[in-house]
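> Supplied in structure tokens, the structure appears directly below.
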Amino acid sequence: MTTTYAEASPGTATALEERIRQDPARFRVLTGDRPTGALHLGHYFGTLHNRVRLQEAGVEVFVLVADYQVLTDRDVAERLTATTEGLLLDYLAVGIDPARSVIFNHSAVPALNQLLLPFLSLVTVAELGRNPTVKDEIAHSRQASVSGLMYTYPVHQAADILFCKGNLVPVGKDQLPHLEVTRTVARRFNERYGQVFPEPEALLSTAPLLLGTDGTKMSKSRANSLALSADADETARLVKGARTDADRHITYDPEGRPGVSALVLLAALCLGRDPHAVAEEIGGGGAAALKRTVTDAVNTRLAPMRARRAEYARDMGYVRSVLRAGNERANAEADATLAQVREAMGSPV
Ligand code: TRP
């Protein structure tokens with residue numbers, strides 16, 4: 001397995017963007033989230049915004065609610081109904097359009113999961129053990145021991161992508177090793193059994209890392225995130241509690257002043273402006289003025305999405321029908337791919 005990620009170089013990314021612009025219909029995006037909590041502004045600027053952009057550009061987008069992947073780091077039963085419905089509302093609120101994009105969940109697509117079996121035969125235990133992102137997750141896991149699913153989930157992720165022949169996967173840096181597993185699986189399958197799968201390309205996110213209110217990476221599992229679904233008052237309260245520093249003069253200096261700079265960046269992203277300009281404008285206004293700017297910027301930017309979210313939330317029957325229709329489509333894709341796989345592998349009937 002290669003450990004150099006050629007897709008990560010900026011030159012390649014620009015060329016890829018150009019190819020997408022010229023012929024969007026050649027691409028199919030597969031991307032997804034684990035239903036473990038409310039999506040937040042880090043997700044919005046990191047990936048959700050980009051999904052909508054690709055959808056608008058004419059690329060077909062498959063969005064996976066990765067409910068089976070949640071099992072990787074759980075040792076108790078957890079019902080995912082509420083978090084799944086929350087994710088659906090967030091998707092619809094940000095503008096993922098079920099008429100053009102497909103929203104589906106793992107556990108409802110049996111043929112997707114069946115691909116895991118032949119795929120597991122194509123990777124070695126040593127390769128699985130070397131995956132840096134899995135190693136990192138194991139190191140940070142609160143579990144007493146590592147489940148087989150945790151160890152193999154990048155191969156399951158290959159099934160997520162390849163079942164619908166996804167060829168474009170928007171990712172953050174941490175997901176690149178997983179995409180490399182997918183490419184390896186596709187290549188080895190094709191070499192062994194004949195051409196069935198594309199080798200998907202990574203579309204590396206250019207979004208800067210958003211820090212949460214405690215100055216560490218904004219994350220669903222840390223109580224430091226600004227959820228898309230929060231209301232204006234809750235947002236104000238969370239921003240008020242954010243960590244800053246004693247220097248009243250506001251600057252944008254992510255290295256030296258991570259807390260203050262995280263807030264400046266958040267305001268700048270919401271306003272579509274340069275963070276240095278935003279900091280300069282606040283100048284000597286101190287943390288209070290900074291926090292007022294951030295709160296206003298976030299609440300203004302999210303207001304239309306929150307209104308749409310509330311509207312959809314009044315019609316959960318519709319929201320569930322979106323998932324049902326997405327699952328139907330995903331099942332049709334998965335069944336067709338599995339039939340091809342069985343034929344390639346030499347099933348007699
Ligand atoms: N691993 C991703 C995450 O934790 C979610 C995910 C599951 C995914 N399957 C995927 C992302 C396939 C991209 C492609 O956020």
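The values are calculated or read from the model by the stated rules, or taken from the named source; none is laboratory data. Because the structure is a prediction, the values reported are computed rather than measured. Heads up, the Cβs are rebuilt from the backbone with ideal geometry, glycines too, and the neighbour counts pull from every protein chain shown. SASA here: full protein model, heavy atoms, side chains in, ligands and nucleic acids out. Shrake-Rupley method; radii C 1.70, N 1.55, O 1.52, S 1.80 Å.
> On average, how much accessible surface per residue is there in the chain, in Å², for a 1.4 Å probe, leaving out ligands, DNA and RNA? Show your work: numbers first, answer last.
Numbers: 16360 Å² over 349 residues.
Roughly 47 Å² per residue, with all protein chains present.
> Provide the net charge surrounding residue 251, with neighbours chosen by a C-beta distance below 10 Å and charges set as Lys +1, Arg +1, Asp -1, Glu -1. It would help to have the intermediate numbers written out before the result.
Values: positive: 257; negative: 247, 253, 280.
Surrounding charge for residue 251 is -2.
> Quick one: 3J(HN,Hα) in Hz for the range 188-199, Karplus 6.51/-1.76/1.60 with θ = phi - 60°, rounded, Gly and Pro as x.
Rounded to whole hertz, the list is 5, 4, 4, 5, 7, 10, x, 5, 10, 10, x, 9.
> Tally Lys/Arg at +1 and Asp/Glu at -1 over every other residue whose Cβ is under 14 Å from the Cβ of residue 62; what's the total? Write down the numbers at each step before the final one.
On the way: positive: 28, 51, 100, 165, 329; negative: 33, 60, 97, 160, 328, 333.
Here the charged neighbours net out to -1.
> A further question follows. Assuming R0 = 22 Å, can you tell me the calculated FRET efficiency for the pair residue 247 and residue 209, based on Cβ-Cβ distance, to the nearest 0.05? Show your work: numbers first, answer last.
Details: r = 22 Å, r/R0 = 1.02.
The calculated FRET efficiency here is 0.45.
> Near the amide H of residue 201, under 5 Å away, which other amide H atoms are found, from residues 5 or more places off or on another chain, if H is placed in the peptide plane?
Under 5 Å from the amide H of residue 201: 168, 169.
> Sticking with this structure for a sec: Using the crude model of +1 on Lys and Arg Cβ and -1 on Asp and Glu Cβ, and no other charge, please compute the dipole size for the range 220-313 relative to its Cα centre, in debye to 20.
Details: 14 positive and 12 negative charges, 78 e Å.
With Lys and Arg at +1 and Asp and Glu at -1, about 380 debye.
> Something else now. List every residue whose amide H lies under 5 Å from the amide H of residue 211, counting only residues 5 or more places away in sequence or on a different chain, with H placed 1.01 Å from N in the peptide plane.
HN-HN under 5 Å from residue 211: 218.
> Next up: Using a 1.4 Å probe over the heavy atoms of the protein chains, calculate the carbon and sulfur portion of the accessible area of the chain as a whole percent. Provide the component values of the computation, followed by the final result.
Details: 8750 of 16360 Å².
C and S atoms contribute 53 percent here.
> In addition: With no solvent and one equal point scatterer placed on each C-alpha of the range 220-313, evaluate the Debye formula and give log10 I(q)/I(0) for q = 0.12, 0.14, 0.19 Å⁻¹, two decimals.
-0.37, -0.49, -0.86
> By how many nm would the segment from residue 81 to residue 130 lengthen if fully extended, with 0.36 nm per residue of separation less the alpha-carbon distance?
Numbers: separation 49, 0.36 × 49 = 17.64 nm, distance 3.36 nm.
14.3 nm is the gain from fully extending residue 81 to residue 130.
> Also: How much of the DSSP bridge set in the chain is antiparallel, in percent, rounded to the nearest 5?
On the way: 2 of 18 bridges.
Looking only at bridges with both residues in the chain, the antiparallel portion is about 10 percent.
> With a sphere of radius 13 Å drawn around the Cβ of residue 307, what net charge do the other residues whose Cβ falls strictly inside it have (Lys, Arg +1; Asp, Glu -1)? Write down the numbers at each step before the final one.
On the way: positive: 301, 306, 308, 309, 314; negative: 231, 311.
Here the count lands on +3.
> Could you pull the Cα extents of the chain along its three principal axes, largest to smallest, in whole Å?
75, 49, 45
> In whole Hz and in residue order, list the ³J(HN,Hα) couplings for the range 134-151 that follow from phi through the Karplus curve 6.51 cos²θ - 1.76 cosθ + 1.60, θ = phi - 60°; x for Gly and Pro.
5, 4, 5, 5, 5, 4, 9, 6, 8, 7, 6, 9, 9, 7, x, 5, 4, 5
> At 222 nm, what helix-only mean residue ellipticity would the chain give, in deg cm²/dmol to the nearest 500, using -39500 (n - 2.57) for each DSSP H run of four or more? Intermediate results must be reported in sequence, preceding the final value.
Details: 14 runs with 182 residues, N = 349.
Mean residue ellipticity, 222 nm, calculated: -16500 deg cm²/dmol.
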